[in-house]
C-alpha cells in the first residue's frame, strides 16, 4: 500500500510547474511591453496591509470585506489582511510616499503583478490565492485617460491573440451629486420588496443600496431587473464626461456596449467603469469578465491623501490562462534547449561539461547527460528535452576538435570546429 503524503497544498491554491510557467512568463512579458509603451512603470506593494485600508477602500458592505477577506491579528496585536486586490495598496503607497508632488508626472502611471487572496469557493479560473495583473493612472480626471486605459487593456488582449471575441461593457456611476440622487430613487424602488430581498441585501439597502444591484441571489436579480437606471440620474458634469468617453471610444474604433446595471464589486468606483468580457466555450458560453476596472476619484482622499482622481483595471491571470488555452494555445513557446551533449564514456562527458559551461556564458541553453546512460538513451533524452541540436562527443571529436551538430527534428547535420562554436555559437545553433 502506497503511503499518502500528508503535506498537500492548501485548498484554493495551485502549483505552477515547468511546462506551465512558460505561459505565465510570456503573459507577464507581454503585459510589461504594453504598459511600457503607454508610459507605465512597475510598482510592488506588500501582500498584507492593515485591515482598515481595505475597509475604507473596498467598502464595509462589499462581499470582499464582509465574506472574502483573509484577516488576522499578528503577534503585535495589529489587525492585518492579505490583500484581496491591488488598487488600495497602490493608493496607500502613492499617499505614503508623496508621489503627487510637483516633481512627479501627471497622471502617475504604475502597474503591478502578483498574488491576491480571497476566501471563496474555488472553481475553474478562480482560486483563493490568485494572480492579478493591474495598472493605475493616478492624479488625473480626464475622459481621455479613461479611454486610454481601456485601449491599453484591449491592446494587451490583442497581443495575446484573444481580442477578436471579446466585448467591452461600459457604465457610468457618476459623481457625488449623481450618486446621492440615485441612492434616493433606488431605496424608494427597493423598499416595497424589502421582505423578498436576501438577508445580505436587506442589510445593505440603507447603508449602500448599489450593492443590492450586484447581488448574486436569484430573487434579488429579478427584483433589480426593473430598478431605475443610474444613467437617468447623471449630473450635467457626469453626463458630459460620459458622453466624451463614448465619443473618444467611437473615434478610436473601440466597440462597446452600455450596461446600466453594472456596478463592479468595490465601493470606491465612480464615473467611468468597464468590463472586458468573453463568451468563449471554455466558460460554458456565458459572458465572463476577464478584465474589470474603472475610475475612483475619492479613493486617494479616503486613505489620507489629496483629492486626486485615478483609474485602473485588474486582470485575473488564472481566468486569462483558460481563455488562452481555448483561443490561442500556441501563444507560449515550449521550453527547450539549443544544444544537448551526449557522450559514450567519461572522457567525452568531462569534455562536454567544460564546453557546456563556456557556451552558457554566451547565452546558449545547453545541457548534457549526467548519469552515464547508454548513448541511444541520451539521444532520446535530447529529443525529450526539446533540444534543437544534439552532438556526440567521443575520442574522435576530442582529438580533432570538430563536432557534428545534428538537428533533432530534421536530421540535418552541421560540421563545426569547437573553437568556431565557442566564438560565435548563434551562427550554428539557429
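Return the residues of segment 256-277 that are out of contact with any strand residue (DSSP E or B) (no Cβ under 7 Å at 6 or more places or on another chain) and either closer than 26 Å to residue 160 by Cβ or without any contact (Cβ under 8 Å) to a residue 12 or more places away in the chain (or both); say none if nothing qualifies. If the condition is that a residue be out of contact with any strand residue (DSSP E or B) (no Cβ under 7 Å at 6 or more places or on another chain) and either closer than 26 Å to residue 160 by Cβ or without any contact (Cβ under 8 Å) to a residue 12 or more places away in the chain (or both), then 265, 266 are the ones that fit. Just one of (1) touching a strand residue (DSSP E or B) at 6+ places or on another chain (Cβ under 6 Å); (2) farther than 25 Å from residue 26 by Cβ; (3) assigned to a helix (DSSP H, G or I) fails for residue 391. It is (3). When you look at residue 178, is it more than 20 Å from residue 315 (Cβ to Cβ), over 17 Å from the mean Cα position of the chain (by Cα) and surrounded by 18 or more Cβ atoms within 10 Å (Cβ to Cβ), yes or no? The answer is yes for residue 178. Of the strands (runs of 3 or more DSSP E) lying entirely inside segment 278-384, the ones with 2 or more residues being without any contact (Cβ under 8 Å) to a residue 40 or more places away in the chain and outside the structural domain of residue 152 (by TED's automatic domain parsing) are found at 366-368.
Scanning segment 119-149 for residues that are in a helix (DSSP H, G or I) and out of contact with any helix residue (DSSP H, G or I) (no Cβ under 7 Å at 6 or more places or on another chain) gives 145, 148, 149.
Restricting segment 394-419 to residues that are surrounded by 15 or more Cβ atoms within 10 Å (Cβ to Cβ) and out of contact with any strand residue (DSSP E or B) (no Cβ under 7 Å at 6 or more places or on another chain) leaves a set whose member that is nearest to residue 359 (Cα to Cα) is 398.
For segment 16-31, a residue qualifies if it is under 14 Å from residue 111 (Cα atoms) and without any contact (Cβ under 8 Å) to a residue 40 or more places away in the chain, and exactly one does: 29. The one condition from (1) outside any loop (DSSP other than H, G, I, E, B); (2) modelled with pLDDT of 95 or more; (3) surrounded by fewer than 14 Cβ atoms within 10 Å (Cβ to Cβ) that residue 67 does not meet is (2).
Taking segment 190-231 as the range and being over 31 Å from the mean Cα position of the chain (by Cα), without any contact (Cβ under 8 Å) to a residue 60 or more places away in the chain, in a helix (DSSP H, G or I) and over 13 Å from residue 261 (Cβ atoms) as the test, the residues that pass are 190, 191, 192, 193, 194, 195, 196, 199, 202, 205, 206, 219. Filtered by the rule that a residue be under 27 Å from the mean Cα position of the chain (by Cα) and in a loop (DSSP other than H, G, I, E, B), segment 70-95 gives 70, 83, 84, 85, 86.
The values are calculated or read from the model by the stated rules, or taken from the named source; none is laboratory data. Worth saying up front: this structure is predicted, and the values here are computed from it rather than measured. Don't worry about glycine lacking a Cβ; one is built from the backbone with ideal geometry, like all the others, and counts go over all protein chains shown.
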